[in-house]
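One structure is given here, and the rest of the page talks about it.
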Amino acid sequence: MEIPVYLAAGFLDGGKTSFLNGVLQDGFAREDPTLLICCEEGTEEYDPKALRNVTVVTVEEESELTRDFLKRCEKKYRPRQVLVEFNGMWSLGRFYQDALPDNWVLYQIMTMVEASTFDSYAKNLGQLMMEKLTNADMIVFNRCDEALRAALRQRNLRMVNRRASIFLENTDGTSEDYADDTVCPFDLNQDIIDIPDDDFGVWYVDVMEHPERYEGKAIRAKTVVCHLPQYPGEVILGRFAMTCCENDISFLGLVARGEGFDAYESRSWADVTGVVRLEDHKAYQGQSGPVLRVTALSPADKPKQDVLTF
């Protein structure tokens, strides 16, 4: 049986226990037996009222967290889902590569950070901190004030992890999205902005929402070439993406102009370099939009994951 694992990462006093209390209080374990593996004990305690269907197991040493130990827990407690409050000083890579049983599937990594201590941890424990950020699906910076929010956005953490949802939890109890018009997920100061295969969807959303950022910028990406009869002399370059489920696959495409596309059949792969220009085009229904002026083109192998996911 496949067992989903939800892991809360971060350093001591980062807010992991409070976050897990909130998850449990919202009814996360109301129906299915849940195993909560606690690898770090701070000042906050789990709410007893939220533990009615939850078994808490404490692990004090990283060496105890082995595949055999987790399989024994599975046999003894028979959980349908697992929560892990992970120790910030331990290696995430070791956990999911060496300790996680084959039928335990890591569904989500949620990293909690105390905003006021972030710089100190990043400076003194940079590798451990970076691991928690780059692997996260969601990042929450706790106890932010105006100065900390500005400092975090100035660091542009989007370039550390482009796919994670990042939130700023404020001292007044409100919450806001880290992403705003001042934060770009890519370094726009590069001579050529390389778009990694896995991040094409992130770039596509950003260039469509903020095309002015990329006006005159050179980009390089691996794309699918599509010829459409309604756009003679042009092509659409992009990627297929699964936005919801296997039955919901869309093509994320950008109008492109240049030489040499006649040699490429539709749905063939190409490494493309070009300059983004904002131009009027009927694809944008009478408005201006990003058009890629292609300067270099070469055949490419299909990537290992040819359909993007969000």
- Query: Failed condition for Gly201, given (1) assigned to a loop (DSSP other than H, G, I, E, B); (2) touching a residue at least 60 places away in the same chain (Cβ under 8 Å); (3) under 25 Å from Tyr284 (Cβ atoms); (4) within 19 Å of the chain's Cα centre (by Cα), with all others met?
  - Reply: (1)
- Selected residue (criterion: nearest to Leu20 (Cα to Cα)) from residues of the stretch 74-97 that are of a type in the set (D, E, K, R) and open to solvent by 90 Å² or more (accessible area, probe 1.4 Å): Arg80
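Of the residues Asn170, Asn156, Asn189, only one is of a type in the set (S, T, N, Q) and under 20 Å from the mean Cα position of the chain (by Cα); which?
Exactly one of Asn170, Asn156, Asn189 is of a type in the set (S, T, N, Q) and under 20 Å from the mean Cα position of the chain (by Cα), namely Asn156.
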- Item | Any strands (runs of 3 or more DSSP E) falling wholly within the stretch 216-310 and containing at least 2 residues that are crowded, with 18+ Cβ neighbours inside 10 Å | 218-226, 235-242, 249-257, 268-280, 288-299
- Task: Might you check whether a residue that is in contact with a strand residue (DSSP E or B) (Cβ under 9 Å, 6 or more places away or on another chain), more than 24 Å from Ala8 (Cα to Cα) and not polar (S, T, N, Q) occurs anywhere in the stretch 156-170?
- Result: no
- If only one of Glu60, Glu45 is within 19 Å of Met110 (Cα to Cα), free of Cβ contacts under 8 Å to residues at least 40 places away in the same chain and outside any strand (DSSP E or B), which one is it? Glu45
- Task: Answer yes or no: is there a residue in the stretch 65-73 that is modelled with pLDDT of 95 or more, within 19 Å of Gly93 (Cα to Cα), part of a loop (DSSP other than H, G, I, E, B) and open to solvent by 40 Å² or more (accessible area, probe 1.4 Å).
- Result: yes
- Query: If you check Asn135 against the conditions, is it modelled with pLDDT of 90 or more and either farther than 21 Å from Val205 by Cβ or open to solvent by less than 70 Å² (accessible area, probe 1.4 Å) (or both)?
  - Reply: yes
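The values are calculated or read from the model by the stated rules, or taken from the named source; none is laboratory data. Note that the structure is predicted; figures quoted are calculated from it, not measured. Quick reminder, even Gly has a Cβ in these numbers, built from the backbone with ideal geometry, and neighbours come from all protein chains shown. Protein only, heavy atoms only, side chains kept; ligands, DNA and RNA dropped before computing areas. Shrake-Rupley method; radii C 1.70, N 1.55, O 1.52, S 1.80 Å.
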